[in-house]
């Protein structure tokens with residue numbers, strides 16, 4: 001259900017801006033075919049891909065998860081039991097993302113709780129995007145693959161890094177790990193300046 005809303009929102013924004021799939025592909029570096037599959041809800045994009053699409057459409061990534069167009073109070077509280085799952089199936093490695101904000105207006109940060117499942121086989125997919133990223137391990141152990149390095153992190157450990165270097169988080173323990181991840185989109189920062 002959420003993936004369909006995201007797909008419809010991407011399509012709606014692209015059409016409202018008068019962009020073709022090819023033009024959005026040029027702006028994002030993603031193929032026209034992939035964008036079409038995303039808009040038709042045949043592919044559930046990982047957060048790094050959504051970030052590229054948001055930049056290409058010149059909108060904050062949070063717009064894909066909005067249900068209401070207003071920000072009457074200027075703040076948004078997200079109670080633990082009201083977190084919205086952002087990507088149901090996550091990536092092929094099985095990440096599950098939960099948004100920690102429902103603020104609708106343009107904002108600098110995108111905070112998430114990400115759950116990393118126990119892995120049987122180490123994935124090989126890496127992600128990259130401009131901006132900054134901060135990760136705090138809340139539960140379990142995980143490895144941050146950062147370029148050619150593998151950095152082990154345990155509960156309470158944090159890392160702040162440049163996400164333009166190809167990277168991937170992955171579980172390193174025998175139980176699911178959980179992290180607070182904050183992504184700051186460089187293009188959003190530039191647009192606000």
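Residue by residue, here is whether (1) surrounded by 13 or more Cβ atoms within 10 Å (Cβ to Cβ); (2) out of contact with any helix residue (DSSP H, G or I) (no Cβ under 8 Å at 6 or more places or on another chain); (3) in a helix (DSSP H, G or I) holds:
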{"position": "9", "(1), (2), (3)": "yes, no, yes"}
{"position": "12", "(1), (2), (3)": "no, yes, yes"}
{"position": "25", "(1), (2), (3)": "yes, no, yes"}
{"position": "30", "(1), (2), (3)": "yes, no, no"}
{"position": "33", "(1), (2), (3)": "no, yes, yes"}
{"position": "37", "(1), (2), (3)": "yes, yes, yes"}
{"position": "43", "(1), (2), (3)": "yes, no, no"}
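Residue 169 versus (1) crowded, with 16+ Cβ neighbours inside 10 Å; (2) not in a strand (DSSP E or B): which is the lone unmet condition?
Going through the list (1) crowded, with 16+ Cβ neighbours inside 10 Å; (2) not in a strand (DSSP E or B), residue 169 breaks only (2).
Can you work out which of the residues in the stretch 147-166 that are touching a residue at least 24 places away in the same chain (Cβ under 8 Å) and not in a strand (DSSP E or B) is surrounded by the most Cβ atoms within 10 Å (Cβ to Cβ)?
163
Could you list all residues from the stretch 117-148 that are over 17 Å from residue 166 (Cα atoms) and touching a strand residue (DSSP E or B) at 6+ places or on another chain (Cβ under 8 Å)?
If the condition is that a residue be over 17 Å from residue 166 (Cα atoms) and touching a strand residue (DSSP E or B) at 6+ places or on another chain (Cβ under 8 Å), then 117, 118, 119, 136, 137, 138, 139, 140, 141 are the ones that fit.
Among the candidates 134, 108, single out the residue that is under 30 Å from residue 27 (Cα atoms), outside the structural domain of residue 53 (by TED's automatic domain parsing) and at pLDDT 80 or above.
The unique qualifying residue is 134.
The values are calculated or read from the model by the stated rules, or taken from the named source; none is laboratory data. Model, not experiment: these values are computed from the prediction. As a convention, Cβ positions derive from the backbone with ideal geometry for all residues, glycine included, and neighbour counts pool all protein chains shown.
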